[in-house]
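See structure below.
The values are calculated or read from the model by the stated rules, or taken from the named source; none is laboratory data. Being a predicted model, the structure only gives us computed values, none of them experimental. Here Cβ is always computed from backbone atoms with ideal geometry, including for glycine, and neighbour counts include all displayed protein chains. All accessible areas refer to the heavy atoms of the entire protein, side chains included, with ligands and DNA or RNA removed. Shrake-Rupley method; radii C 1.70, N 1.55, O 1.52, S 1.80 Å.
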Amino acid sequence: MSGHETYEKLISLLDEHGAAYRLIEHEAEGGTEAVSRLRGHSAAEAAKCIVVMVKLGKKEKRYVLAVVPGDKRVDLAAIKGLLGGSYAGFASQDVAERLSRCVSGTILPFSFDPELELIVDPALLEHPEFFFNAARLDRSLALSTSDYLNIAKPRVESIAAA
């Protein structure tokens with residue numbers, strides 16, 4: 001699935017649920033700090049989406065789509081502990097792009113793959129809406145936080161580090 005297909009799937013999902021969102025066109029940018037400036041909001045209101053690989057045993061691993069505020073880092077130790085793993089690290093770029101169906105810098109805070117568990121830090125959910133690149137470097141969404149919770153149904157856990 002290409003980024004544009006993932007974008008269309010996201011918009012269809014949001015429209016189907018009557019979600020409150022705004023599209024924001026901007027220069028192509030995937031860095032959280034830079035794109036937050038282009039969109040005109042604080043990095044704390046941006047969703048930073050990272051695919052994390054957790055080893056559970058010698059041959060078993062799971063993948064997590066970790067979503068934290070843009071001014072925070074993903075706490076790999078917290079994710080490892082939540083899943084009872086022996087190791088946690090960032091997934092390779094090809095695995096992250098395959099599971100998220102997005103190119104790096106445009107990963108959505110939604111999982112469309114059963115292999116990818118969605119975990120969101122509660123600090124991101126403190127704002128009435130939050131922002132993220134919408135599977136494209138040149139287009140973002142501002143999405144109602146309550147609509148996001150109702151549609152994505154993420155696991156909410158403290159997974160952000162300063």
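Given a cut-off of under 8 Å on Cα pairs at least six residues apart, what relative contact order in percent is computed for the chain? Please list the in-between numbers first.
On the way: 331 pairs, mean separation 48.8, N = 162.
It rounds to 30 percent for the chain.
Only helical runs count toward this figure. For the chain, summing -39,500 (n - 2.57) over DSSP H runs of n ≥ 4 and dividing by all residues gives -8000 deg cm²/dmol at 222 nm.
When only alpha carbons are used to place a centre, region 102-135 and region 1-37 end up 11 Å from one another. Pick out, from His41, Ser12, Pro69, the residue whose Cα sits farthest towards the positive end of the charge dipole of region 11-140, with +1 on the Cβ of Lys and Arg and -1 on the Cβ of Asp and Glu. The residue sitting most towards the positive pole is Pro69.
Taking a ≥ b ≥ c as the square roots of the eigenvalues of the Cα gyration tensor, an a/c ratio of 1.5 or more together with a/b larger than b/c marks the chain as prolate. Over region 1-55, accessible surface divided per residue gives 52 Å², non-protein components excluded, 1.4 Å probe. A simple packing score, the average count of other Cβ atoms within 10 Å per residue, orders the peptides 149-159, 38-48, 125-135, 11-21 as 125-135, 38-48, 149-159, 11-21, with the highest score first.
Got a sec? Which residues in region 62-91 would a label at Glu115 touch, if it sits 7 Å along Cα→Cβ and we count backbone N under 14 Å? Zone members listed by number: 62-65, 91. Determine, from the Cβ-Cβ distance of Glu16 and Glu126 and an R0 of 30 Å, the FRET efficiency 1/(1 + (r/R0)^6), rounded to the nearest 0.05. Approximately 0.70, to the nearest 0.05. With protein chains left intact and a 1.4 Å probe, residues in region 79-123 average 42 Å² of accessible area per residue.
Listed values for region 58-69 are Karplus-derived 3J(HN,Hα) couplings in whole Hz (6.51 cos²θ - 1.76 cosθ + 1.60, θ = phi - 60°), namely 4, 10, 10, 9, 10, 10, 10, 8, 8, 10, 10, x, and x replaces Gly and Pro.
Heavy-atom surface analysis with a 1.4 Å probe gives the chain a carbon and sulfur content of 49 percent of its accessible area.
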